[in-house]
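> One structure, pasted below without further comment.
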Amino acid sequence: MVTNVRTCLRISARVLLLCVIVVPVVDAMGSRESPELVDDVDDIAYHPANPGRDHEYLDITKAWFAYDPMTDNVSFVLELKDTSGLENPAPEFMINCVMTANGTAGGRTEGQFGFYLEKRAHDPEFMTRVAWTPTAGGFEQSTVAHRFNLVFGSEGTLEYVMKRHDLRQRADEVGELTGYCAENYWPARGVLVPASNKDEAASTSMYDVTTLRPAPGVEAPDLSPTTSPAVSTEAEPEGSSPGPEAGLFILAVIAALSAANRLRKVH
Ligand SMILES: [Ca+2]
């Protein structure tokens with residue numbers, strides 16, 4: 001019996017040593033336990049003219065960038081208090097989540113990443129987009145390929161999975177997150193109540209995307225759609241997506257024509 005125990009201990013020690021040798025050194029990014037952004041809970045600003053209440057999918061609680069050394073992918077994750085309401089949201093609400101992160105190189109801001117989610121009123125589809133807007137070069141946006149996952153439930157998340165290579169082409173560091181989740185009420189098509197329910201959040205942390213190390217043997221990052229029960233959308237070809245800005249523009253035009261309201265035009 002004692003001999004067996006000693007044998008097991010020797011084997012365990014060798015396995016542990018092997019693990020220490022094989023596992024690469026990875027500079028961790030963020031996680032749910034170590035987020036970049038932490039925002040108050042139950043701090044949605046509900047507008048008196050907007051009938052939406054208890055819409056906890058607007059309540060931003062955390063956000064972080066995560067790194068997967070097995071795929072060499074980087075994910076931006078936005079945690080909301082409860083995303084259950086997004087499984088079957090009331091059609092009268094147009095829902096937007098917009099988060100931006102600065103991209104820097106050598107301490108200089110090179111541009112801004114934008115992470116977008118939009119569900120138009122009377123349309124059950126969710127649209128997502130990741131865009132890069134350079135500081136120089138006429139501020140012309142480009143689309144960053146991504147895979148989107150929406151996890152429903154308490155502390156549910158919006159996740160944008162991207163190739164680290166695509167981030168590194170544009171910046172060495174990402175961070176300084178700022179943005180919001182908001183909704184507008186459209187009781188009927190073309191009739192907008194211009195009053196938003198909204199939660200805003202921001203942080204100043206930065207992540208370095210150059211010093212991360214992929215696992216040995218990683219060659220082709222996988223951005224193929226998952227088969228999980230969560231909502232998943234494929235990356236859209238560059239230039240083919242109308243994007244949330246286009247959606248807002250269309251909504252603004254319809255509202256102006258129908259209600260003669262003066263609305264802000266968003267490009
Ligand atoms: Ca919040």
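The values are calculated or read from the model by the stated rules, or taken from the named source; none is laboratory data. The structure displayed is predicted, hence computed values, not measured ones. Because the Cβ atoms are built from the backbone with ideal geometry, glycine has one as well, and the counts that use them run over all protein chains shown.
> Which one of Glu176, Glu159 is touching a strand residue (DSSP E or B) at 6+ places or on another chain (Cβ under 6 Å), within 16 Å of Ala66 (Cα to Cα) and at pLDDT below 95?
Glu176
> Next question. Hey, among Glu155, Glu125, which residue is charged (D, E, K, R), loosely packed, with under 13 Cβ neighbours inside 10 Å and closer than 30 Å to Ala90 by Cα? Let's see the steps before the verdict.
On the way: Glu155 fails: loosely packed, with under 13 Cβ neighbours inside 10 Å.
On inspection, the qualifying residue turns out to be Glu125.
> Right, here's the next one. Name the strands (runs of 3 or more DSSP E) wholly within region 135-197 that hold at least 2 residues that are more than 23 Å from Met29 (Cβ to Cβ) and among the hydrophobic types (A, V, I, L, M, F, W, C)?
Correct list: 173-188.
> Could you say whether any residue in region 134-141 is among the hydrophobic types (A, V, I, L, M, F, W, C) and on the phi > 0 side of the Ramachandran plot? Walk me through it before giving the result.
Initially, region 134-141 is screened for residues among the hydrophobic types (A, V, I, L, M, F, W, C), giving 136, 139.
Now drop any that are not on the phi > 0 side of the Ramachandran plot, which leaves 139.
So far as region 134-141 goes, yes, one or more of its residues are among the hydrophobic types (A, V, I, L, M, F, W, C) and on the phi > 0 side of the Ramachandran plot.
Residue-wise test of (1) more than 18 Å from the chain's Cα centre (by Cα); (2) within 18 Å of Gly153 (Cβ to Cβ); (3) more than 16 Å from the ligand (Cβ to nearest atom); (4) among the small types (Gly, Ala, Ser).
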| site | (1), (2), (3), (4) |
| --- | --- |
| Asp54 | yes, yes, no, no |
| Tyr57 | no, yes, no, no |
| Phe65 | no, no, yes, no |
| Asp82 | no, yes, no, no |
| Ala90 | yes, no, yes, yes |
| Thr109 | yes, no, yes, no |
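> Got at least one residue in region 171-186 being surrounded by fewer than 16 Cβ atoms within 10 Å (Cβ to Cβ) and at negative phi? Full working, then the answer.
Filtering region 171-186 down to residues surrounded by fewer than 16 Cβ atoms within 10 Å (Cβ to Cβ) leaves none.
Within region 171-186 (the criterion being surrounded by fewer than 16 Cβ atoms within 10 Å (Cβ to Cβ) and at negative phi), the answer is no, since none of the residues qualifies.
> Only one of (1) within 13 Å of the ligand (Cβ to nearest atom); (2) surrounded by 22 or more Cβ atoms within 10 Å (Cβ to Cβ) fails for Asp39. Which number is that?
Of everything listed in (1) within 13 Å of the ligand (Cβ to nearest atom); (2) surrounded by 22 or more Cβ atoms within 10 Å (Cβ to Cβ), Asp39 misses just condition (2).
> Filter region 198-219 down to residues that are part of a strand (DSSP E or B) and of a type in the set (A, V, I, L, M) and give me whichever is surrounded by the most Cβ atoms within 10 Å (Cβ to Cβ).
It comes out as Ala201.
> Something else now. So is Arg189 in contact (Cβ under 8 Å) with a residue 12 or more places away in the chain and crowded, with 16+ Cβ neighbours inside 10 Å or not?
no
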